[in-house]
Amino acid sequence: MGQASCKGLYQSLFDYKTEKYVIAKNKKVGLLYRLLQVSILTYLVVWVFLVKKSYQDTDTSLQSSIITKVKGVIFTNTSELGERLWDVADYVIPPQGENVFFVITNLIVTPNQRQETCAENESIPDAVCSEDSDCPPGEPVVAGNGVRTGRCLRAENMQRGTCEIFAWCPVETRSRPEKPLLGKAEDFTIYIKNFIRFPKFNFSKTNVLDTKDRAYLKSCRFGPKDPYCPIFRLGSVVRWTGSDFQEIALQGGVIGVQIEWDCDLDKAPSECNPRYYFSRLDRRFPGNSVSSGYNFRFAKYYRDEAGVEFRTLIKAYGIRFDVLVNGRAGKFNIIPTIINVGSGVALMGVGSFFCDLILIYLIKKSHFYRNKKFEEVRSGHPGNGKVTAEQLQNLQTVEA
C-alpha cells in the first residue's frame, strides 16, 4: 500500500494540467468583453505609455542654483530726500542676487534719529497715559519704539498724553505716501539665471542661450519667440500675475516666479526647455486693509563730528520675489516597461473575471452556463487506464 502511494506521487510529478475553456455564443457578453479589452488596451497605450511615460525611469531630485540681477535707474525729487538718483545698489535687497530678493518701490524716511528721550507715538495704545504712574520706568511699550522713563507727557489743558520713552528719537510718525516713490520702476529688468542638474542621469542645463554674442543679454527680452532670454521686464511680471503695478508698488506684495523643467531625455537635449509661471503669493485684502502689502524697516548708521552715533530709519515697501524651481527627467528603462506591460496584461484578466460573473450569475440562462463552466468529478474505482473521447475534450462550444 505504501509503495503504491509513493509510486502514484512520483508519477504525478510528471503530470501536465490544462484549463478547460468554454466558448459562450452570447453576443451581449462577447461585445462587453471586447469593449473591456479595448478600454484596457487604450488606457495602457495612451495614458500609461504616451501621457505618463511609464516606460521611463525618472529622476525628481533636481539640483538647482539661482542667480538674479535687477537693473534700472530712477530720478526723484522730494521734500524729504531732495534730488536723488536711485540705482540697483539703493533699491535691491540683498545685493548678492539670491533666489529671494526685494525691490523697493515706496518708503517712509525718518532722518537724524539719536538715542535720547522723547514722547511715544500717540497712535500706540499702550503708550497712552493720564499720570506718571501709568508709565512705570524701565518697561518697554508694547508694539512701541522704546522703554518708559516714568514720565507722562501731556499737552496744556489735556487730561491724557503719552509716556516719555528712551528710544531712537524722533520716532517714526509719518504715514505711507499716497503715491509710490519709485512708481516708474516697472521699466526695470530682472535677470534670472538658473542652473539645473539631474544627478541620476548626469544631465545639466541652464535657461540661458549658449552664445558668444556679448550684446545678446543687453538687448533681448523674454517672450514666446525668445524663451532662452531670462530677462524680464518688472512691469510685465506683475501684469502676468493679474496685478496692477501701481497698486503693488504703493503697499508692497510678494510674487512667485516658478521655473519648471520637464525633460524627456529620450529626445535631444534641446527639447528640454524651461517653463515659467508667475503668481501673486500674498493675500490681497479688499479695500485699503492694514493687512495688505509687504514692508519692513532697516536703518543706515552714521557718526557726527563729535563721534555721536545717529541713523536714518527707512520703512521700505516693495515687491518681494521668490524664485522656485522644480522638475523631473525621464529616460527609457526596460524594468519599468516590463512592470507596466505586466500590469496591463493582469488587467485583461479583470475583464474575463467580470464577464464570467455576468455569464454565470446575472443572465437568464446562468444555470446552463454555470453547469458547463464547472464540472464536478468524483473519485471512483480505478479503471483500465483508458480515457474516453468526452474526457479528452478540453474545449467546448456552448450556444445560448
PHE195 being surrounded by fewer than 17 Cβ atoms within 10 Å (Cβ to Cβ) and either touching a Gly at 6+ places or on another chain (Cβ under 7 Å) or assigned to a strand (DSSP E or B) (or both): yes
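Taking the residues in the stretch 204-222 that are in a loop (DSSP other than H, G, I, E, B) and under 14 Å from ASN273 (Cβ atoms) as candidates, determine which candidate is nearest to the chain's Cα centre (by Cα).
Residues of the stretch 204-222 in a loop (DSSP other than H, G, I, E, B): 207-215, 220-222.
Within this subset, residues satisfying the condition of being under 14 Å from ASN273 (Cβ atoms) are 207-210, 222.
Values: ASN207: 19, VAL208: 22, LEU209: 25, ASP210: 28, PHE222: 22 Å.
Restricting to residues being in a loop (DSSP other than H, G, I, E, B) and under 14 Å from ASN273 (Cβ atoms), the top hit is ASN207.
Right, TYR91: at pLDDT below 90 and aromatic (Phe, Trp, Tyr) or not? Can you show your working first?
Working: at pLDDT below 90: no; aromatic (Phe, Trp, Tyr): yes.
Criteria not met by TYR91.
Do we find a residue being over 25 Å from ALA89 (Cα atoms), of a type in the set (D, E, K, R) and surrounded by 21 or more Cβ atoms within 10 Å (Cβ to Cβ) anywhere in the stretch 127-142?
So the first thing to find is which residues in the stretch 127-142 are over 25 Å from ALA89 (Cα atoms), and the list is 127-142.
With of a type in the set (D, E, K, R) added as a condition, the list becomes 131-132, 134, 139.
Next, only the ones that are surrounded by 21 or more Cβ atoms within 10 Å (Cβ to Cβ) stay: none.
Scanning the stretch 127-142 turns up no residue that is over 25 Å from ALA89 (Cα atoms), of a type in the set (D, E, K, R) and surrounded by 21 or more Cβ atoms within 10 Å (Cβ to Cβ).
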Test: residue in the stretch 260-283 that is under 18 Å from ILE67 (Cα atoms), outside any strand (DSSP E or B) and modelled with pLDDT of 95 or more: no
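Any residue that is under 17 Å from ALA185 (Cβ atoms) and part of a helix (DSSP H, G or I) - is there at least one of those in the stretch 29-41? Before you say what the answer is, go through the steps one by one.
So the first thing to find is which residues in the stretch 29-41 are under 17 Å from ALA185 (Cβ atoms), and the list is none.
No - not one qualifying residue is present in the stretch 29-41.
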Members of the stretch 223-252 found to be more than 21 Å from the chain's Cα centre (by Cα), outside any helix (DSSP H, G or I) and aromatic (Phe, Trp, Tyr), listed by number: TYR228
Number of the condition not met by ALA167 [criteria: (1) small (Gly, Ala, Ser); (2) farther than 30 Å from VAL257 by Cβ; (3) part of a loop (DSSP other than H, G, I, E, B)]: (3)
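The values are calculated or read from the model by the stated rules, or taken from the named source; none is laboratory data. For clarity, every value in this text was computed on a predicted model and none was experimentally measured. We place every Cβ from the backbone using ideal geometry, glycine too, and count neighbours over all the protein chains shown.
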